[in-house]
Amino acid sequence: MKFVYKNILINTIISVCVLLLGESSLYFFLKYKMEKETVEHLYLERMYMNNQLKRGVNIDYFKHNIGDVLEITPIQTLQYKTPIIDEIKIEEKWEEEEFTSKKIIFDVTQNQKNYRVSITKTIDEDEGLMGSLSAIIFVSIFFMLFILVIVNVFVYYKLFSPIYQLIKDIKNFSVHQLQKISPPKTNTYEFAILSEEISKMSEKMISDFTSVKEFTENITHEIQTPLAVINSKIERCLQDENLSNEQALLLSEASKYVNKLFNINKGLNLLSKLDNKQFNNPININLSILIEQRLHYFSDFIQKKNISVVKDISEEIPFFMKESLSEILIDNVLKNAIQHNIQNGQILITTNNGLFSVSNTGIVPKDPTEKYFERFHSQNQNQSLGLGLSIVKKIVEYYDYSITYTYSNERHVVAIDFNKGSKTT
Amino acid sequence: MNILIVEDEVDLALEIENYLSDFKYNCKVVNSYHAALTSLNEYEFAVLLLDLKLPDGHGVDLIQHIKKKKISSGIIVLSAVNELDMRIKALEAGADDFLTKPFHLSELNARVKALVRRHYHQGDNVLEYHEIKVDTAKLLVTVSNNPITLTSKEYELLLFFISNAGKVITKEAIGYTVWNYHADMDVSNEIIYTHVKNLRKKLFVSNSKDYIKSVYGIGYKFDL
């Protein structure tokens, strides 16, 4: 929910609650006041009556002059010297309404005769007035609230426009475009500071990204050349006729590790380029042709281990990828299936419902299969670097596809789902 | 045959010079873009080995300069940057080959020879080693004029051996040259061994002398 609406909703709920509370307390206050006035009035009537009786006015005179209903009944003994107040409800049949009235009962004496007087006065007429008064207040406050909400929406939108602009800019921000976020113009203090800081942050991100990029580029270059020098020096030593077997082995080992270093460097460089999103221009890849090509490429290795390759790749899976990356992807998947296969093993390659899967026989995994995607997770049984599958995963995720590694039915299965994804930039 | 080595890493340049000199190449080493320009004005070179990142200029500019001046040297780029874009850029500018550092000197040597063959011996692409002849245009191998049939890998192996005749060649170098950069698998050595064994057998059957010698712990040597 947008801040604007949330704020207005909260304010409105609070206002309505306060309004209802205020209205009801006003109602009860007025009601109380009116009842009190009615009762006071009844007392005044009584006082007036008593005064008039003392002056000698005949009691019958009041019958038509006091209160709404006046009852005078002769009684034997005086009972209510101090008056009592009673409340009665009268049902008006024709209006289907109930009226509340106040009644004062007191006893008087005139000409040695005792009378009981009860004066009834209805307060309902005044309640009607109270109702309309409340309604007017209620409606006007609601109208005010409504206007306030409308005005608030506009004001908030105006006030918050720099924030919305900033959010849009942050959403569109990509460190690879090397374009920092320019702070929107605002004279709201907090927003100005926020925009300024975010702008600075984006600038810092760009400079960090650039320096990391430069670092990886430099390190590749600066490490490759010394490696080339070491390699060439070793090669020269190996030409020596007088080399002992032990020395030859040592040099050959050293050369092997130089190559390993070179491959690690190459793999990490590729991974960091994938992290930095440095690949563009994907093209539509023909998977079956690519698989055939790469299988041919590995044919010596497949033959050597006497692996049988079963293919069911009649379903064409269209997917978009930079060509060189698609080759690295398929190479590494196949390489994994060959490298970790057993002698006389099997590789099954299938395409089905957009799912490309390569399964192979192999030893039972010691670790959870998801770990195979981690960098440098290798079983250390050979020259393998343990970067292949993490490169595969990175490439797959780079294009928003998904990949799983499972072990079931004594088969290692790497499956790439090409149904989602297809990033075209 | 003259070779100009343009490489700012002096040690590497000297090693290249050292290796190639054994194959009767005259090498000149320069360490900068401008020194390369001067040398190109003064002498003729059959092959130019060019590092792309030079202290005072970029290799691709030098390639463009060479093409503009119609200098006939063949160009092999030696780059630490193994990027397709850079490779394409260099090849588009007119480079003949592209080798990524670190490389094996034997591989570089084979590439130099292949370039020289393509560049200077049109119609006569024959590589000879005593009774063995390899016609690289017809992909034909003969021993004492009798043709023998080799698989593509055996053919590449033989070519690599003859190009580096007299030198010890490591199994890594063979793997990387003949099997292209995926030679880090557990069966690589066995595969190399099998193919070398088969090649040796085929040459032996056709009455060639056994030139392929195993070098303990390292690899092979193609020699008398």
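Checking each residue in region B:99-143 for being within 20 Å of B:GLU172 (Cβ to Cβ) and outside any helix (DSSP H, G or I) picks out B:LEU99, B:THR100, B:LYS101, B:PRO102, B:PHE103, B:HIS104.
Yes or no, residue by residue, for (1) of a type outside the set (Val, Ile, Thr); (2) outside the structural domain of A:THR225 (by TED's automatic domain parsing):
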residue	(1), (2)
A:LEU271	yes, no
A:ILE289	no, yes
A:LEU295	yes, yes
A:GLU323	yes, yes
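Evaluate the following for A:ILE234: is it more than 29 Å from the chain's Cα centre (by Cα), assigned to a helix (DSSP H, G or I), within 20 Å of B:MET86 (Cβ to Cβ) and touching a residue at least 24 places away in the same chain (Cβ under 8 Å)? When the stated conditions are applied, A:ILE234 does not pass them. Per the listing B:ALA137, B:ALA110, the residue uniquely small (Gly, Ala, Ser) and touching a residue at least 40 places away in the same chain (Cβ under 8 Å) is B:ALA110. The set of residues in region A:28-49 being surrounded by fewer than 16 Cβ atoms within 10 Å (Cβ to Cβ) and either in contact (Cβ under 8 Å) with a residue 24 or more places away in the chain or of a type in the set (Asp, Glu) (or both) consists of A:LYS31, A:GLU37, A:GLU40, A:TYR43. Condition test on A:LEU261, is it touching a residue at least 60 places away in the same chain (Cβ under 8 Å) and either open to solvent by 20 Å² or more (accessible area, probe 1.4 Å) or more than 9 Å from chain B (Cβ to nearest Cβ) (or both)? Taking the combined requirement at face value, the residue does not satisfy it. Could you tell me whether any residue of region A:239-252 is open to solvent by less than 20 Å² (accessible area, probe 1.4 Å), more than 7 Å from every other protein chain (Cβ to nearest Cβ) and farther than 30 Å from A:PHE279 by Cβ? No, region A:239-252 has no match at all. In summary, A:SER314 fulfils each of the numbered conditions (1) within 14 Å of another protein chain (Cβ to nearest Cβ); (2) within 22 Å of A:VAL396 (Cα to Cα) with the single exception of condition (1). In region B:1-56, the residue that is nearest to B:GLU83 (Cα to Cα) out of those that are in contact (Cβ under 8 Å) with a residue 60 or more places away in the chain, of a type outside the set (A, V, I, L, M, F, W, C) and within 13 Å of chain A (Cβ to nearest Cβ) is B:GLU7. Tell me, yes or no, whether region A:168-181 has at least one residue that is outside any helix (DSSP H, G or I), out of contact with any Leu (no Cβ under 9 Å at 6 or more places or on another chain) and open to solvent by less than 60 Å² (accessible area, probe 1.4 Å). Looking for residues that are outside any helix (DSSP H, G or I), out of contact with any Leu (no Cβ under 9 Å at 6 or more places or on another chain) and open to solvent by less than 60 Å² (accessible area, probe 1.4 Å), one finds at least one in region A:168-181, hence yes. Screening B:LYS171 on (1) open to solvent by 10 Å² or more (accessible area, probe 1.4 Å); (2) away from every other protein chain (no Cβ under 11 Å); (3) of a type in the set (D, E, K, R) shows it passes everything except condition (2). Within region A:183-231, if we keep just the residues that are outside any helix (DSSP H, G or I) and open to solvent by 70 Å² or more (accessible area, probe 1.4 Å), the residue that is nearest to A:ILE163 (Cα to Cα) turns out to be A:LYS185. With respect to the stated conditions, A:PHE3 is among the hydrophobic types (A, V, I, L, M, F, W, C), open to solvent by 90 Å² or more (accessible area, probe 1.4 Å) and in contact with a helix residue (DSSP H, G or I) (Cβ under 9 Å, 6 or more places away or on another chain).
Note on region B:199-209: among residues that are open to solvent by less than 80 Å² (accessible area, probe 1.4 Å) and within 28 Å of A:SER244 (Cα to Cα), the one that is farthest from the chain's Cα centre (by Cα) is B:ARG200. Look through B:LEU150, B:LEU159 and report the one residue that is under 28 Å from A:LYS233 (Cβ atoms), open to solvent by 10 Å² or more (accessible area, probe 1.4 Å), away from every other protein chain (no Cβ under 14 Å) and modelled with pLDDT of 90 or more. Only one candidate qualifies: B:LEU159.
A single entry from B:THR136, B:THR194 fulfils the requirement of being open to solvent by 10 Å² or more (accessible area, probe 1.4 Å), more than 12 Å from chain A (Cβ to nearest Cβ) and among the hydroxyl-bearing types (Ser, Thr, Tyr): B:THR136. Being touching a residue at least 60 places away in the same chain (Cβ under 8 Å) and open to solvent by less than 90 Å² (accessible area, probe 1.4 Å), is that true of even one residue in region A:50-71? No - not one qualifying residue is present in region A:50-71. The lone criterion from (1) more than 11 Å from chain B (Cβ to nearest Cβ); (2) out of contact with any helix residue (DSSP H, G or I) (no Cβ under 6 Å at 6 or more places or on another chain); (3) in contact (Cβ under 8 Å) with a residue 12 or more places away in the chain; (4) farther than 30 Å from A:GLU235 by Cα left unmet by A:LEU329 is number (2).
Put simply, of B:HIS130, B:HIS195 the only residue that is at positive phi and in contact with a Lys or Arg (Cβ under 8 Å, 6 or more places away or on another chain) is B:HIS130. Is it true that A:ILE338 is among the hydrophobic types (A, V, I, L, M, F, W, C), open to solvent by less than 30 Å² (accessible area, probe 1.4 Å), within 22 Å of A:ASN269 (Cβ to Cβ) and not assigned by TED's automatic domain parsing to the domain that holds A:LYS260? No: the conditions fail for A:ILE338. Taking the conditions (1) under 30 Å from B:ASN189 (Cβ atoms); (2) open to solvent by 60 Å² or more (accessible area, probe 1.4 Å); (3) more than 9 Å from every other protein chain (Cβ to nearest Cβ) in turn, A:LEU271 satisfies each one other than (2).
Only residues that are in contact with a Gly (Cβ under 9 Å, 6 or more places away or on another chain) and open to solvent by less than 10 Å² (accessible area, probe 1.4 Å) were counted in region A:313-330, giving 2.
All of B:ALA110, B:ALA95, B:ALA90 fail the test of being over 25 Å from A:ASN218 (Cβ atoms), among the aliphatic types (A, V, I, L, M) and surrounded by 15 or more Cβ atoms within 10 Å (Cβ to Cβ), apart from B:ALA110.
The values are calculated or read from the model by the stated rules, or taken from the named source; none is laboratory data. Small disclaimer: the values here were computed from a predicted structure and weren't measured. No Cβ is skipped: glycine too gets one built from the backbone with ideal geometry, and neighbour counts run over all protein chains shown. We work out accessible area using only protein heavy atoms, side chains counted, and drop any ligands, DNA or RNA first. Shrake-Rupley method; radii C 1.70, N 1.55, O 1.52, S 1.80 Å.
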